[in-house]
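*Asks:* To start, I am sharing the structure in question, which I have written as structure tokens.
Taken together, the values in this text are just the output of simple stated rules run on the coordinates, not laboratory data. These figures come from a predicted structure and were not determined experimentally. Reconstructed Cβ throughout: ideal geometry from the backbone, glycine too, with neighbour counts over all protein chains shown.
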Amino acid sequence: MKKHPLAFIDLETTGLNPDTHEIIEIGCLVVRQPLTVGGNFEVVDELDIKVKPRHLETADPEALRINGYNDAGWLFAAELPQALAVLAQKTEGAMMVAQNVTFDWSFLHRTFAETKIENKMYFPKIDLISLAFGKLYNDPRVERYNLRELARFFEVPNEKAHSAMSDTKTAFEIYKKLITLP
């Protein structure tokens, strides 16, 4: 599996339910894994794209507030099929890595099916919450495994939390720290 690149992905959405809410921002870093112990990860591609919402009437106002959604900021946003086509192309053969992979994957899975765009990612997925839980379970300094708490614990700055690319870059830095723990 080391031959497959990793696709660190974070989505911002209009709410928590993939059946009624939608993706409004995609952040993705495609990273080549080191093939030797002690090697370096290499970022080979990235995607930072805002997606034009189609159904703001179903959006959770609190989600929009947290994500910083505003009409002016999304004025030149991409249409969903265009954004997903670019994501599919950039992540072909990559394993998805996300802070909460179940959440992000549920939106992607539904949206790929809805748009009929082929998801070309390699099927395994890496969940940072699960990885952190396993590695840090016995550490009394860690009580929660969300991105904010893990960033604090590992001293990884997240300059613009709840923006897709900033959260993606933070997750990547946390992943690198987690995998070096015994």
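*Asks:* Which one, N70, P140, P53, projects farthest toward the positive side of the charge dipole computed for region 6-180 from Cβ point charges (K/R +1, D/E -1)?
*Replies:* Going by the Cα projections, it comes out as P140.
*Asks:* By counting other Cβ atoms within 10 Å of each Cβ, how are Y69, Y175 ranked from fewest to most? Show your work: numbers first, answer last.
*Replies:* Working: Y69 19, Y175 22.
Starting with the residue having the fewest Cβ neighbours, the order is Y69, Y175.
*Asks:* Right, next: Using 7 Å Cα-to-Cβ label points, what is the T115/K160 separation (nm, one decimal)?
*Replies:* The two pseudo-label positions are separated by 2.0 nm.
*Asks:* Additional query: Mind checking the dipole of region 6-180: about its Cα centre, +1 per Lys or Arg Cβ, -1 per Asp or Glu Cβ, Debye to the nearest 20?
*Replies:* Details: 19 positive and 26 negative charges, 88 e Å.
The calculation lands at about 420 debye.
*Asks:* Once you compute Rg and the Kirkwood Rh from C-alpha atoms, what is the Rg to Rh ratio for region 21-94? Could you put the intermediate results ahead of the total?
*Replies:* Values: Rg = 15.8 Å, Rh = 14.2 Å.
Rg/Rh for region 21-94 comes to 1.11.
*Asks:* Follow-up. From the phi of every residue in region 165-182, what ³J(HN,Hα) in whole Hz does the Karplus formula 6.51 cos²θ - 1.76 cosθ + 1.60 yield, where θ is phi - 60° and glycine or proline is x?
*Replies:* Here the 3J(HN,Hα) series is 6, 4, 5, 5, 5, 5, 4, 4, 5, 5, 4, 4, 6, 5, 6, 8, 6, x Hz.
*Asks:* Are there GluC sites (Glu not before Pro) in region 88-182 that DSSP puts in a loop and that have at most 13 other Cβ atoms within 10 Å, and which ones? Working shown, then result.
*Replies:* On the way: sites: E92, E114, E118, E143, E149, E155, E159, E173; in loops: E92, E118, E143, E155, E159.
Qualifying residues, ordered by number: E118, E143, E155, E159.
*Asks:* Follow-up. Starting from the amide H of M95, placed 1.01 Å from N in the peptide plane, find each other amide H under 5 Å away whose residue is 5 or more places distant or on another chain.
*Replies:* L6, A7, Y122
*Asks:* Sticking with this structure for a sec: For the chain, give me the percentage of DSSP beta bridges that are antiparallel, rounded to the nearest 5 percent. Please report the intermediate quantities before stating the final value.
*Replies:* Details: 16 of 24 bridges.
Beta bridges within the chain, antiparallel portion: roughly 65 percent.
*Asks:* Find which of F112, Y122, A88 sits farthest along the positive direction of the dipole of region 62-126, computed with +1 on the beta-carbon of Lys and Arg, -1 on that of Asp and Glu, about the Cα centre.
*Replies:* Y122
*Asks:* Roughly how many Å is it from the Cα centre of region 81-141 to that of region 4-39, as a whole number?
*Replies:* 5 Å
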